[in-house]
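J.: This is the structure, below, for whatever I ask next.
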Amino acid sequence: MVTPAQAAKSRTTAAVSGLVTAALALAVVAATFTFQQVYSDYFTCTEDALTQSSREDCKDLLPPELRPLLQDRSSSAAGLSLR
């Protein structure tokens, strides 16, 4: 038999877990939105590029640390190789 104290503790644990999960989900959404806003020039440039060479010129809009990550992502999405 579950005592009222055990039931209350169980509900509290579930509520805290739900709040932590919701906070993490909001943080991921906020980070993704911020990233897209900060680098919107790059994404617009790659979407508007008509040639491979113009798409490669878009890499100048990224910091050097992010270039390999986003170039691999955009090339696989478009089916093109940037190398």
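One line per residue, one yes/no per condition, for (1) surrounded by 15 or more Cβ atoms within 10 Å (Cβ to Cβ); (2) part of a helix (DSSP H, G or I):
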residue: Ser17; (1), (2): no, yes
residue: Ala23; (1), (2): no, yes
residue: Ala27; (1), (2): no, yes
residue: Ala30; (1), (2): no, yes
residue: Gln36; (1), (2): no, yes
residue: Ser53; (1), (2): no, yes
residue: Cys58; (1), (2): yes, yes
residue: Pro63; (1), (2): no, no
residue: Leu69; (1), (2): no, yes
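J.: Do we have Glu47 as of a type in the set (Asp, Glu) and surrounded by 12 or more Cβ atoms within 10 Å (Cβ to Cβ) here? Lay out the reasoning, then the answer.
T.: Values: of a type in the set (Asp, Glu): yes; surrounded by 12 or more Cβ atoms within 10 Å (Cβ to Cβ): no.
Taking the combined requirement at face value, the residue does not satisfy it.
The numbers here are math on the coordinates, done by the rules we state, and not lab data. Here the structure is a predicted model, which means the values were calculated and not measured. All Cβ positions, glycine included, derive from the backbone under ideal geometry; neighbour counts span all protein chains shown.
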